[in-house]
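A short reminder: the numbers here are calculations on the coordinates, not readings from a lab. These figures come from a predicted structure and were not determined experimentally. With ideal geometry, Cβ positions are generated from the backbone for all residues, glycine too; neighbour counts draw on all protein chains shown.
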Amino acid sequence: MSEERTFIAVKPDGVQRGIIGEVIKRFEAKGFKLVAMKMKHASKDLLNEHYIDLKEKPFFPTLIKYMSSGPVVAMVWEGKGAVKTGRVMLGETNPADSLPGTIRGDLCIDIGMNIIHGSDSVESANKEIALWFQDDELASYTSCAFDWLY
Ligand code: DAT
Ligand code: MG
């Protein structure tokens with residue numbers, strides 16, 4: 001239960017705008033455990049697979065161009081309810097609909113530049129983690145905070 005994992009990525013605009021640390025800070029402060037992280041300039045093939053469910057959408061080509069415009073910081077965060085709570089921490093897809101206190105609500109304006117990705121279900125989290133990371137890139141360790149979180 002405390003081992004649920006979500007895939008979070010700071011998008012190219014978030015990297016360029018210096019928001020990587022702010023994102024890490026929020027997930028760390030919440031109590032989630034970082035189990036993997038890397039900077040990667042994603043290929044179009046990887047992004048086409050990552051966003052395969054959206055391939056018929058009119059904004060798909062723009063989305064792929066944006067996501068491949070620079071490096072992203074891909075992460076895996078672990079903890080109870082990490083997927084759902086992660087989405088709450090991100091805010092809505094459109095920053096204009098995102099409440100203050102959320103990452104998108106506080107830090108961006110435009111749906112086409114919404115700075116962060118987060119898995120929308122446990123199933124897609126598992127798929128995305130397997131797509132972006134090799135098994136040996138996922139760290140296995142016990143956080144010293146565990147007994148003070150659960
Ligand atoms: P989310 O990133 O909140 O999971 P999604 O999976 O529906 O949202 O879409 C993936 C990304 O595609 C989203 O972060 C921004 C872009 N996008 C979604 N809907 C869009 C729209 N109506 N116009 C432009 N870009 C859109
Ligand atoms: Mg999504």
Query - Residues (more than 14 Å from ligand 1 (Cβ to nearest atom) and surrounded by fewer than 13 Cβ atoms within 10 Å (Cβ to Cβ)) located in region 42-63 - result: S43, K44, D45
Query raised in the report: What are the residues in region 118-138 that are within 13 Å of ligand 2 (Cβ to nearest atom) and of a type in the set (D, E, K, R), if any?
Result: D120, E123, K127, E128
Report task. Within region 1-50, track down each residue that is part of a loop (DSSP other than H, G, I, E, B), touching a residue at least 12 places away in the same chain (Cβ under 8 Å) and out of contact with any strand residue (DSSP E or B) (no Cβ under 9 Å at 6 or more places or on another chain). Result -> M1, R17, G31, S43
**Report entry** Selection within region 77-120 - within 26 Å of A145 (Cβ to Cβ) and among the hydrophobic types (A, V, I, L, M, F, W, C)
**Finding:** W77, A82, V83, V88, M89, L90, I103, L107, I116
Query raised in the report: Only one of (1) free of Cβ contacts under 8 Å to residues at least 40 places away in the same chain; (2) among the aliphatic types (A, V, I, L, M); (3) surrounded by 13 or more Cβ atoms within 10 Å (Cβ to Cβ) is not met by L99, so which one is it?
Result: (3)
Requested in this report: Might you let me know whether region 111-119 holds any residue that is in a loop (DSSP other than H, G, I, E, B), more than 11 Å from ligand 1 (Cβ to nearest atom) and of a type in the set (S, T, N, Q)?
Outcome: no
Requested in this report: State all residues of region 125-144 that are of a type in the set (D, E) and surrounded by 14 or more Cβ atoms within 10 Å (Cβ to Cβ); if no residue qualifies, say none.
Outcome: E128, E137
Query raised in the report: Can you tell me which residue in region 64-81 is farthest from ligand 1 (Cβ to nearest atom), limited to those that are touching a residue at least 60 places away in the same chain (Cβ under 8 Å) and under 14 Å from the mean Cα position of the chain (by Cα)?
Result: E78
